[in-house]
Structure formats: structure tokens, C-alpha cells
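Enquirer: Submitted below is the structure of interest, expressed as C-alpha cells.
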Amino acid sequence: MSMSELVFIFIAALTISSAFWVVFSNNLIYSAVALLFTLFGVAGLYVFLFADFIAATQVMVYVGGILVLIIFGVMLTNQISESTVTQTNRPRLLAGVIAFIIFLMVAYISLTTQWHEGTVQTAEKTTTVIGDMILNEYLLPFEAVSLVLLAALLGSALLSRKQHG
Amino acid sequence: MTNLSSLSFYLPELFLIGIILLSIIIELIPGCRKYNYFVVLAGLISVAIMLSWSSTESVSIFMGMSVSDPFAIFFKWIFVIATFYIVLISRADNSLDKRLSGEFNILLLIVMFGLFLMVTANNLIMVYLSIEMVSIASYILAGMLKNDLKSNEASLKYVIFGAFASGLMLYGFSWLYGLSGSTDLHEISAALSGHMDQPFVIYMAILLVLVGIGYKISMVPFHYWTPDVYEGAPTPVTAYLSVAPKAAGIALLIRFFSSTFTTDISTTVSNIDWTTLVAVLSAITMTVGNLLALQQTNIKRLLAFSSIAHAGYMLMVIPVISVDARAAVMIYAVPYLFMNLGLFFMAIAIHNQTSSFEISKWKGLGSRAPLMAGIMVVLLLSLTGLPPTGGFIGKVYLFSVLIKFQQFFWLAVIGVINSVISLFYYFRIVKTMYFSSADDETVFKIHPLLYWSIISCVVPVLLLGIYWSPLINFVQHSISMF
């Protein structure tokens, strides 16, 4: 096994195991910290696909921005840091069995399907390609996203503002 | 088509974005805020003018991201009319905070832009993005009444269900992308035809895509959010949600399934039997909607379940992959728009006076407001699908498609049984209006905006019931799809 394969397995295992921790932890702070590892792991996977720009963005936006915000949100909200979050599903056994069956189905289908084979990625400058694509092929989605963000901004200001009068 | 030359096919959308930005700026200038309402209404008229000028060619624009075709333009007309009505009557609703009317109008316009994108989407990215644009703005609109716990609950439930549904839909998209290596709907279709021997993976993808779109049109079993959100959201928003996003969802479903999961005009891709799946879901949707509507005493919840049932009726013909089926859905959407809006406007009028959405508040309306009560009877007749109304014509076309296409004859039978069930709860409202005496004999007051809006809703419903050939001609000209 080559060195890069070992690193890949390490990163993939880190991503998945910390994702489990996010879901199963009873403490919100622990979940948030575990999410840090998951997001870092995903950034690592991007590096393996030679998507260096996306990896850097992932670290900057998710790890640096969103995660810090989540932790701040958790810490600044009264009492939420002490309270434990438990999610109880009433018919636990039934839900578990159904989830397991769906898991088996998805696993079977994804293992037997002949997936589309993409081109082998090589290391090249990705930023030029991304910039070119955003302003050509993906111009409309790129512009539409700005309107989604506008709606989100407007809405968050509207909902968080104190009732006047 | 290149981005620059696509712009000439995008004039209504460009005008719409212009109006959105203009009304944000107007909101910021002190003293100008009161003109926002008129600017938005004038803007919507300008969008309608642009729409009537738009080309009837079927072309793919913005390098394959979106399309411009008569099918999309037909639905855009529905959205323009619905948005115009809602902006117009938002003034007459007492529960909405007047100081937030600017934000209300802007968000409504953003939803409308999302709907425009939804009916023209030709790429998985655009499909997802447009659904999110509609959803995010609707979540906020549903929670506009900040001091009303029910409105908060509606918004939160909508967010949680919506996030879950779009997550599942994205997962389905990732399967489609994994199979085809492309996000273009037509390229995916071509790639799927090569997977004859692996039907399971395509079934899985279809199911997951159906979750996302089914959530938008409140198809059973993804309808759980509908009654609570419809009850809690401000009534103008509820009226809008029950008409415009539902029509857009149906249009998207038709476009998605006929470009991706259909090889030519009438055979499914790789012999995948999604038609039976949709037929069964449609039968369940209308039955569940109608049966649950039977026991409702709140007019908004009743109309929520009735809108689920109507989604079932419209889904009924989608398994019949033909031009006639597409036309039948389009014909049905037009009277549905007017009859639903009219009933919601009446609910607003009664809520303004009594602060209640209970149907018992409709008591004695037959003698207190004879004209309005008579109009309500016409609208309810139309919702049931009885002559001489537009709803009857719509249903006739839906059923005739099913009866011509022998395979789904059973669905037509279920549809007719459901219409009979719906007669029961719609006519309970009529009975309340005419055969129960009012608790208080106060004069029924109605805001003139609501009054004239209701009258303008009933005119097309009645007209389409008597003289429907212009609509049929219009639909025949709008049938072609890229």
C-alpha cells in the first residue's frame, strides 16, 4: 500500500468516525468540536481530488467561519451548554430495522451499479478553471445564488429584529 | 445559447430583479416607503407586459442551464397573476404588520423569481437552486407574524421538513450525477438509457427526486407540513403557497420526468415503471387529502387538505406521458388558481371581522352577505368539479385523458369517488352559510380590495365553465417544451 493510500484511508476514517461522534454525542459542544474534524477531513478529501481551491475554501468558510459561529452560538445561548440533547425515537427497534434495511439496499445498489467513470484528475491550476466556469457555463446559477443570499439576509434581519413600537 | 444572447429571452426575469432591487432601495429612502406598494404592483404589470412580448421559441438559454419555451411562459403567467393578487390584497389583511409590508412584497417577489427559475430549470443545479430560493423565502414569509406562536411554529416546521426533503433530493441528484457524469437533464436521460440492466439504481434516484418535488406540491406521504404551515402562516402567504409553488412543482415534475426519465414522447427510460409509482402516489394523495379534510373545522386547515387532494388530481394524469396529459394539467391549473384564491380572500375578510378561522363564523352569511355567499357557492362548486364552473371543465379534461388511456382507468374511478367525498366537506360550508342562523347579526363588512378581488376571481371561474375554448387554444399553443 502506497503512502498516499494510507493517508487517504486515515482521512476518510477520521471524517466518518467524527461524523458519527457529531450525531451520537449528547453534548452540543462535543458535537461542534467533532464537526471540526469532519469538516477538516472533507477538506482533506478535496485535496486528494486535486481540488485545492475548494479545500482551502472549505477550511476558510466552514472551519474558520461557520463552525466558529456555531460554537459561539452554543456558548452564548443561556443554559444550552449544560443541557444535554437526547433524541428519543419511540419505536426505536422498528426505526432501527427499517434504517438498517435501507442501508443494506443503498449499499447493495451502490456496490453493484456500474457508475460513470470520470476523467482522472491531475494537478493543475484550478482557480482559472473555476473562474472561467463561473462566468461562462455556470453564470446563471452563480447569479441566482446571490438572490437566494439576498432573501436569506433580508429574512434574518426581519426575523431577528426587535418588534418596533 | 451564449449568456449574452440569452438575455433577450430573459426580459421578464430581468424586469423582476429590477423591481426587487428598486423596491429595496425605496424602502431605504425615508418618506418613500408608502409608494412601495404601488411600485411593486406597477412592476408586476411591467413583468406581465414583458411576458406577453416574450418569444414563443423553444430554446435552451444560458449555456443549457435554463430554457425558454411556451410551457414555461404559461406557468409564468399563473405566477404573475397569483403574485399580483397577493400583493394587492396584502393591504386588506389586518393580521399582517403594515410596517413590514415592504419586506413582505420583496420576499414575495423573490419567491416569484424562484418559481420562474423552477419552471425553466434544465439542469440539476438550477432545479435545486430554484427550489431552495422558493423555500427559503417562503420559510420567512410563513413566520412573518412574529408575535403569533402558530406562525413561529409554521415557519420552524417548514424549515425542518424543507431541509430534510431537499437533503434527500440532493442525495438523489448525486446518484443521477454518479450514473451520468452530467447535471444536464437531457444528458442524464441519454446516460440512463444505457443502464437497462440496473433498474434499482434508477428507481432509487427517482424515489429521492420525488421526495424533493413531492414536498413542494405536498404529495402524500410528504404532506405532513401542509396543514400546520397553512394554518400558521399569514393568510395571504397561505393563499400564495397553495397556488403558485404548487403549480411550479407540478410543472417541474412534468419537465423533470419527461426530459430525464422518458426516452421519447411516451416510453419511460430503460423500461423503468415510474408511471405506476406516480399513479399510486396520486391515488393515495387525493384519498388522504379528502378523508382528512372531512373532519376539519378550521377553514385554513380544510383548504390545506383540499389543496393536497387537488395536488392528487393534478398528479393523476402525469403517469400518462402524452401531450394531452400535459395540456389537461395546464387547463386544470387555471381555474384552480382563481377558485382557491377566492376562498382564501373570503377567509381573510371573515378573519378581519371575527379574528377567527373557524367555519362556524361563516354562519348566516347567506342572509348577511348574499352576493359574497353566492360567489362562495360558485367557488366551492368549482372546487368540487361541478358544472357550470371552470373546475368542472378542468376535471373533465383530466378524466378524459385517463379514460382514453386504458392502463390507468382505475385511477379515474378513484378520482371520481374522491370528488364525491369532497362534495361533502365543501357543501358543509354551504350549509353553514345558508342553513345556520348567525350568532350575531352584525353587518358583514368587507374591505373593498377583497370585495373586488373576490369578484374578479369568480368571473374567470364562471366564464371558463361556459366558454372555455379560448383557454384550450391558449394551452394548445403553450404545450411545446424544450
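The values are calculated or read from the model by the stated rules, or taken from the named source; none is laboratory data. Everything numeric in this text was worked out from a predicted model, so none of it was measured. Ideal geometry is used to build each Cβ from the backbone, glycine not excepted, and the neighbour counts take in all protein chains shown.
Enquirer: From the set of residues in the range A:113-141 that are closer than 30 Å to B:Gln198 by Cβ and surrounded by 11 or more Cβ atoms within 10 Å (Cβ to Cβ), which is farthest from the other protein chains (Cβ to nearest Cβ)?
Expert: A:Gln121
Enquirer: Among the numbered criteria (1) within 23 Å of B:Leu107 (Cα to Cα); (2) in contact with a Gly (Cβ under 6 Å, 6 or more places away or on another chain); (3) within 14 Å of chain A (Cβ to nearest Cβ), which one does B:Asp184 miss?
Expert: (1)
Enquirer: Collect the residues in the range B:286-314 that are surrounded by fewer than 24 Cβ atoms within 10 Å (Cβ to Cβ) and closer than 18 Å to B:Trp410 by Cα, keeping them in residue-number order.
Expert: Hits for the range B:286-314 are B:Thr287, B:Val288.
Enquirer: Give the number of residues within the range B:121-139 that are more than 18 Å from B:Gly232 (Cα to Cα), more than 7 Å from chain A (Cβ to nearest Cβ), assigned to a helix (DSSP H, G or I) and not hydrophobic (A, V, I, L, M, F, W, C).
Expert: The qualifying residues number 2.
Enquirer: Working carefully through the options B:Ile61, B:Ile73, find the one that is over 25 Å from B:Glu231 (Cβ atoms), within 12 Å of chain A (Cβ to nearest Cβ) and modelled with pLDDT of 90 or more.
Expert: The conditions single out B:Ile61.
Enquirer: Of everything in the range B:76-104, what is in contact with a helix residue (DSSP H, G or I) (Cβ under 8 Å, 6 or more places away or on another chain) and within 11 Å of chain A (Cβ to nearest Cβ)? Give them in sequence order.
Expert: B:Leu100, B:Gly102, B:Glu103, B:Phe104, listed by residue number.
Enquirer: Now a separate question. Within the group A:Ile54, A:Ile11, which residue is free of Cβ contacts under 8 Å to residues at least 40 places away in the same chain, under 15 Å from the mean Cα position of the chain (by Cα) and more than 22 Å from A:Thr77 (Cα to Cα)?
Expert: Unique residue meeting the criteria: A:Ile11.
Enquirer: Just to confirm my filter: which helices (runs of 4 or more DSSP H) fall fully inside the range B:145-247 and include at least 1 residues that are more than 25 Å from B:Thr268 (Cα to Cα) and acidic (Asp, Glu)? I'd like the intermediate steps shown before the answer.
Expert: Details: elements: B:149-180, B:185-192, B:199-216, B:225-232.
Counting at least 1 such residues, we get B:149-180, B:225-232.
Enquirer: Of a type outside the set (Phe, Trp, Tyr) and closer than 19 Å to B:Ile110 by Cβ: does that describe B:Val269?
Expert: Values: of a type outside the set (Phe, Trp, Tyr): yes; closer than 19 Å to B:Ile110 by Cβ: no.
Judged against the criteria, B:Val269 is not a match.
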